[in-house]
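What follows is a single structure, written as structure tokens, with notes after it.
The values are calculated or read from the model by the stated rules, or taken from the named source; none is laboratory data. These numbers were taken from a predicted model, which means no experiment stands behind them. So basically every Cβ, Gly included, is an ideal-geometry build from the backbone, and we count neighbours across all protein chains shown. These accessible areas exclude ligands, DNA and RNA; they are computed on the full protein's heavy atoms, side chains included. Shrake-Rupley method; radii C 1.70, N 1.55, O 1.52, S 1.80 Å.
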Amino acid sequence: MKLRPVRGTHDIFGEEINKFNQISKVVSKNAKLKDFREIQTPIFEFSNLFSKPLGEHSDVVLKEMYSFEDRNNEFLTLRPEYTTPMIRAAITNNLLNDIPLKIFGIGPMFRRERPQKGRYRQFNQINFEILGTKDVLADVELISLSNIILNELLPRNKIILNINSLGDKHSLSNFKKNLAKYFNTHKKKLSNESIKKIDSNPLRILDSKFEEDIEISKSSPKIYEFLTKEAKMHYENLKKSLKVLDINFVEDFNLVRGLDYYCNTVFEFKTNSLGSQDTLLGGGRYDGLIKVLGGPDIPGIGWAAGIERIALLMESEKKINSNVHIAVTNEKFIDYFLHLQKYLSENKISYYWNYKYNLKKSFTKANSSSASHVIIIGENEFNGNFYTIKSLLTGEQKELKLDQIYNFLNDKSR
Ligand code: HAM
């Protein structure tokens, strides 16, 4: 059998790993600026941590979880998302004694979705959460933070912030009833998948990707009409603060998110450069969730972004390859070469050597890279105690003593 990775998984290397590292750096820097503490949780948890909170009728729970029975008859699941494990960790480690708690984490998640560009079965998320405050300024802080991070990583991409409010429990349950009623009257025009969801979870029809469902959803009742006074106020205050911060947004009354734990504020950052996998980042409030998971009755809000999706949009950074390639023509010059290596390292000049004592092969490699110069070590160089430096840009060649190399390479006019 041909050696291959599991479908929907991928190895990360080369340019992509550079982008991943850059994303991590930007995320950690901004997390520090806003005083979020990093947390890492295990990649698997007891299955019941996920099934109820994410929604027994959500796609993630119904079709996408990697669950297995351990040898001691415990049911375990590879984490499909980070919010519930983070809350679990906050509860089990008594981190909620000091609230609001601001935490973030970066790591792999697992969902058995149909793989395509921007959608994998193992993918990486950045995740930020604030536990323990109802204040709308927490919503604003998290949205503003995601805006800053995305702008820093993708300065030239058009990314649109969509927002909506799902209201509190009361608003939502009223809304669901009306929505079910509406979809029942248009049952014949819905997809078979959505028909099954009308009574169990009509919200899920609003984020269906089937054309026929999207069409019917356009004229469905809108959550805004069902918001309680308090929920409406929260939403209006959110919009007001976003305007003060000059953060552009679009209101999308059909934005409900794919997981069941949300209430009040929900938001997504979308792009039109990624085809159907167009959501870079999504999140919202989950005020009842911490209690459902066995913690205190305190509110929470957060977001997660897909690292692979961000990386797909990032422009390649200037190659971090070495500028200088070294060509050694014969093994007898090893010691002479080691002097050069030491000098280059001491002077922080990055270099590449292909471990081949062959001038032609070294030049082929150098020409196919971003190298600007090749340093040649051969008979003449060894006997004359100099190094030949050839510019790959101009073809110019120069014989230099070891201690002249740094100044030569740093001469910007060259
Ligand atoms: P989510 O919308 O399921 O939310 O995922 C967040 C982001 O993860 C998506 O916008 C997308 O960029 C990325 N993502 C999701 N599935 C895949 C996949 N199969 N392949 C590649 N990237 C993917 C959550 O996970 C919530 N826990 C977010 C949250 C945090 N809500 C509150 N706090």
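Ranked by accessible surface with a 1.4 Å probe, highest first, in what order do 279, 83 come?
Result, largest first: 279, 83.
Can you compute 3J(HN,Hα) from phi for each residue in region 290-299, using the Karplus curve 6.51 cos²θ - 1.76 cosθ + 1.60 with θ = phi - 60°, rounded to whole Hz and x for Gly and Pro?
5, 5, 4, 7, x, x, x, 7, 10, x
Give me the dipole magnitude in Debye, nearest 20, for the chain about the Cα centre, with unit charges on the beta carbon: positive for Lys and Arg, negative for Asp and Glu.
Value, rounded to 20: 800 debye.
Could you work out the per residue convex hull volume over the alpha carbons of region 269-361, in cubic angstrom?
Convex hull of Cα atoms, per residue: 235 Å³.
Mind checking which of 300, 220, 13 is farthest towards the positive end of the chain's charge dipole, using Cβ charges of +1 (Lys, Arg) and -1 (Asp, Glu) about the Cα centre?
220
For residue 166, which sequence-distant residues (separation of 5 or more, or a different chain) have an amide H within less than 5 Å of its own amide H, given hydrogens modelled in the peptide plane?
Under 5 Å from the amide H of residue 166: 264, 265, 266.
Among 201, 383, 48, which one moves the most in a GNM of the chain with springs linking Cα atoms closer than 10 Å?
Comparing 201, 383, 48 in a Gaussian network model of the chain, the most mobile one is 383.
On the accessible surface of the chain, probed at 1.4 Å, how many percent belong to carbon and sulfur atoms?
50
Can you quote the Å³ per residue value for the convex hull of the Cα atoms in region 1-74, rounded to an integer?
That works out to 178 Å³ per residue.
Could you tally the net charge around residue 309, taking each other residue with its Cβ under 14 Å from the Cβ of residue 309, Lys/Arg +1 and Asp/Glu -1?
0
What helices does the chain hold that run 15 Å or longer along their axis, going by alpha-carbon atoms, with a Kyte-Doolittle average of 0.0 or more, using DSSP H for the helix calls?
136-153
Tell me, what ³J(HN,Hα) does each residue in region 249-264 have, in order and in whole Hz, if you take phi through Karplus 6.51 cos²θ - 1.76 cosθ + 1.60 with θ = phi - 60° and put x for Gly and Pro?
Those phi angles translate into 8, 10, 8, 10, 6, 9, 6, 10, 6, x, 10, 7, 7, 7, 8, 6 Hz.
If you take the C-alpha gyration tensor of the chain, multiply each eigenvalue by 5 and take the square root, what semi-axes do you get, largest first, in whole Å?
For the chain, the semi-axes come out at 54, 23, 22 Å.
Based on the mean of other Cβ atoms within 10 Å per residue, sort peptides 139-150, 205-216, 358-369 so the most packed one is first.
Put in order of decreasing packing, that is 139-150, 205-216, 358-369.
For every other residue with a beta carbon closer than 9 angstrom to the beta carbon of residue 134, add +1 if it is Lys or Arg and -1 if Asp or Glu, then tell me the sum.
Neighbourhood net charge equals -1.
Which net charge results for the neighbourhood of residue 383, defined as the other residues with beta-carbon distances under 15 angstrom from its beta-carbon, given Lys and Arg at +1 and Asp and Glu at -1?
Every neighbour counted, the sum reads -2.
If I take R0 = 30 Å and measure r between the Cβ atoms of residue 233 and residue 297 in this structure, what FRET efficiency does the formula 1/(1 + (r/R0)^6) give, to the nearest 0.05?
0.90
For the ranges 345-353, 97-105, 111-119, 301-309, what's the packing order if you count other beta-carbon atoms within 10 Å of each residue, average per peptide, and put the highest first?
Taking the mean over residues of other Cβ atoms within 10 Å, the ranking is 301-309, 97-105, 111-119, 345-353.
Which residue, chosen from 41, 58, 22, occupies the Cα position most advanced towards the positive end of the dipole of region 1-71, where the dipole is computed from +1 (Lys, Arg) and -1 (Asp, Glu) charges on Cβ about the Cα centre?
Result: 22.
What's the FRET efficiency of residue 396 with residue 22 using the Cβ-Cβ distance as r and R₀ = 51 Å, to the nearest 0.05?
After rounding, the FRET efficiency stands at 0.90.
Keeping all protein chains in place, calculate the accessible area per residue for the chain (probe 1.4 angstrom), answer in Å².
Result: 53 Å² of accessible area for each residue.
Calculated from DSSP H runs of 4 or more alone, at -39500 (n - 2.57) each and per residue, what is the 222 nm mean residue ellipticity of the chain, nearest 500?
Estimated from H runs of four or more residues: -10500 deg cm²/dmol.
Nearest 20 debye, what's the magnitude of the dipole of region 154-226 about its Cα centre given +1 on Lys and Arg Cβ and -1 on Asp and Glu Cβ?
The calculated dipole for region 154-226 is roughly 20 debye.
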